[in-house]
1. So how many residues does the stretch 647-661 have that are surrounded by 20 or more Cβ atoms within 10 Å (Cβ to Cβ), under 17 Å from P561 (Cα atoms) and β-branched (V, I, T)?
2. So which residues in the stretch 73-108 are within 22 Å of L424 (Cα to Cα) and surrounded by fewer than 16 Cβ atoms within 10 Å (Cβ to Cβ), if there are any at all?
3. Can you find a residue that is open to solvent by 50 Å² or more (accessible area, probe 1.4 Å), modelled with pLDDT under 90, out of contact with any Lys or Arg (no Cβ under 9 Å at 6 or more places or on another chain) and more than 30 Å from H341 (Cα to Cα) anywhere in the stretch 38-61?
4. Go through (1) open to solvent by 50 Å² or more (accessible area, probe 1.4 Å); (2) assigned to a helix (DSSP H, G or I) one by one and return the number of the condition E255 breaks.
5. Among the residues of the stretch 617-626, is there at least one that is part of a loop (DSSP other than H, G, I, E, B), open to solvent by less than 10 Å² (accessible area, probe 1.4 Å) and at pLDDT below 95?
6. Residues in the stretch 189-211: is at least one over 23 Å from A263 (Cβ atoms) and touching a Phe, Trp or Tyr at 6+ places or on another chain (Cβ under 7 Å)?
7. Report the residue count in the stretch 642-682 for those that are modelled with pLDDT under 95 and among the acidic types (D, E).
Amino acid sequence: MKIKRLFIVALGLLALMTSCRDEVDDSDLYTFTGKTAYGFLADSKDFSDFAYILSKVKLSEKSTSTISELLSARGNYTVFAPSNEAIAFYLDSIYNTKGYDITQIPDSTAESIAKNSIIDNKDGNAYLSTDFVVGALGTTNMNSRYIQIDYANAADGKLITRVNTNSKIITPDNEVYNGVVHTIDHVIDMSSSTLPDLIKRTDNLRIFAKLLELTGWADSMLEYIDRYYEENHPLMGNVDKGGGYAEGEMAPTPEHRFIGYTAFVEPDSVFEAQWGIPAPKIVGGNVENYDEIISEVIEKCKEAYPNATSEDLKSQDNAVNQFVSYHLLPMRIIFNKLVVHKTEIGYAWKSPENLTIDCWEYYETMGKPRRLLKLTEGSQTEGKRINRHATYDNGFYGNYRETSCDRKGARVYESNGNLVTNALNGFYYPIDEVLVYDDDVPNKVLNERLRFDFSAICPDLMTNGIRQMNQDDPWIPIPQGYLKNWWYTEDTYWRYAPYYNTSIDNYQCDEINILGQYDFIFKLPPVPYAGTWEFRICAPEVQHFGMFQPYIGTDRNNLSPIGLPLDFRLPSSNPTIGWKADTNDLDENREIDKDMRNHGYMKNIMHDGHTSGSAVSLPLRAVQGDYIRLRKILWSGYMSPDETYYVRFKSVLENTRTCCMLDFFEIVPKSVYNGATEEDPW
């Protein structure tokens, strides 16, 4: 198969999109007497300096429109407005002067203040304080950076809301016609440091910062944005919907391709308490006992990784190097999306603070060997936990509550006191245990059915705020070369559908739709240990869906076909599938499951269900009607963590408007699907 990394820029579309993005249409300006966000600020003597800055800053280098014009137009904007006093303090401090003249403010400083303070919520609602949760807001600001929210107690005992740690909300929820204005007491000042540099500047992370430097991983996490994509990507992509919709529909592609990272970091105190590593001794602002510290860390890492025998700290066959890389993810993830809560039984995404059963995400860490890290969170876990191991009430009539827990897992914290955790190209999160990939991680924690949402193997979607984005318009075309784990032909139309506010029978609500004369390949995550594994995908039954030949193997350019083509158009009642609705007779249900498995199919899962924002009560397994989804067993065979496996789907139909729908997949060890006890339905 011939795969091309190609971006085509249509000059006509470029001119059109530049006009749309960089200028405010006069017809969008309000003519009523009520106040817009800008009107609210301009009419207040306490925010006149911020209003002046907004009138000075252009939307972009190519634009003649200002942000004040944007905030005078229709839309949905969340504004964190610094008071005049806050702006004066900020300017006086950075320019080391008293009474700095606001009219002399440089364009770059004005732009930073303005764009860091504003979120364009587009089709979504602006954020009220009642929408805040601890962690980052789901939509980036106008500088494409995340704004973080947390809470603290004031001196008088009252709870205060903090924005990016240092800014306190004075007056929340000033609702205007085109959004919400929250007034704050300090300018939102985003760190311009890369993630390794931010960790290096953080006083209680000196040991991990030194390890990043010595292993060379600090030099591997400096990228921020794909400059090639900035100048060469197509502005529009094909989202031809099929199923009777107009052919050749176009929608905007992602505006940027940012590159990001996430680090789970032990504070110095954790190294000292659990590994007995000496605390850093600071003399004249420098650590004078690094030699002693690193020497002891090396010995601990050799104990933890005895097979990593290289003495070169920058070699990926070195114990310290493998220790550090297991803390790093090649994607920027906001705290509240480390574990996705959306469709699990009992959960209502309109009330996100009320967790129910455990949910999990598996992430492939950086470096070699390839390894997975599991994050779990539910009402019983006391926060987000790395590599937790528990047993569950997971029978057919169970409730999937934890019945025991023999490995609590490292707790992940959203903040580091009053210290900044939000870098230019990612986040770090403190953890309360030394994180090691010990034998129990592959053999116990990960020795289970591994279920992945398809978007979970797309780090670029997470880094760029696309996965689980709060957007009603579901069609986001992703051009060739955007996704590091996918390869597809120019006749393949790859689109992401968030379905965030939609009532739909999907795992985590979202899905990937692929149309055209599609031919694409994706890379599978690593398995934790060598053995026999089964690979399954969610298989819908919809008339306008397609038919494709699957392939699998380790040579991306020469993959082996798997059986016969898979037809997504077959109804679930077809004798070659054998689906029947569950009854009140458990033995009968097991017979149905057995018959389906003999045909290479399984019923959908019980862990997640149909959601419309209220508490989920109907499991996906029980959904009936015209849109039943199943699980298809595509392949089983030997897999090793030392190999990289690829899967290819190639359409076998001439109709280019049929859809290959990708929701979730499972990689399952033989000990689960053919073990001493039957596999649970969850």
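The values are calculated or read from the model by the stated rules, or taken from the named source; none is laboratory data. This structure is a prediction, so every number in the text was calculated from the model and none was measured. When we count neighbours, we look across all protein chains shown, and the Cβ atoms used for this are built from the backbone with ideal geometry, even at glycine. Please note that ligands, DNA and RNA were not included when accessible areas were found on the heavy atoms of the full protein model with its side chains. Shrake-Rupley method; radii C 1.70, N 1.55, O 1.52, S 1.80 Å.
1. So the count comes out to 1.
2. Answer for the stretch 73-108, where residues must be within 22 Å of L424 (Cα to Cα) and surrounded by fewer than 16 Cβ atoms within 10 Å (Cβ to Cβ): S93, I94, P106, D107, S108.
3. Within the stretch 38-61, one or more residues are open to solvent by 50 Å² or more (accessible area, probe 1.4 Å), modelled with pLDDT under 90, out of contact with any Lys or Arg (no Cβ under 9 Å at 6 or more places or on another chain) and more than 30 Å from H341 (Cα to Cα).
4. For E255, the exception is condition (2).
5. Residues of the stretch 617-626 that are part of a loop (DSSP other than H, G, I, E, B), as a first pass: 617-618, 623-626.
Now drop any that are not open to solvent by less than 10 Å² (accessible area, probe 1.4 Å), which leaves none.
Among the residues of the stretch 617-626, not one is part of a loop (DSSP other than H, G, I, E, B), open to solvent by less than 10 Å² (accessible area, probe 1.4 Å) and at pLDDT below 95, which makes the answer no.
6. Initially, the stretch 189-211 is screened for residues over 23 Å from A263 (Cβ atoms), giving none.
Checking the stretch 189-211: not a single residue is over 23 Å from A263 (Cβ atoms) and touching a Phe, Trp or Tyr at 6+ places or on another chain (Cβ under 7 Å).
7. Total meeting the criteria: 2.
For every residue, the table says whether it meets (1) under 18 Å from F665 (Cβ atoms); (2) open to solvent by 20 Å² or more (accessible area, probe 1.4 Å); (3) at pLDDT 95 or above; (4) β-branched (V, I, T).
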residue	(1), (2), (3), (4)
F427	no, no, yes, no
N443	no, yes, yes, no
L450	yes, no, yes, no
M469	no, yes, no, no
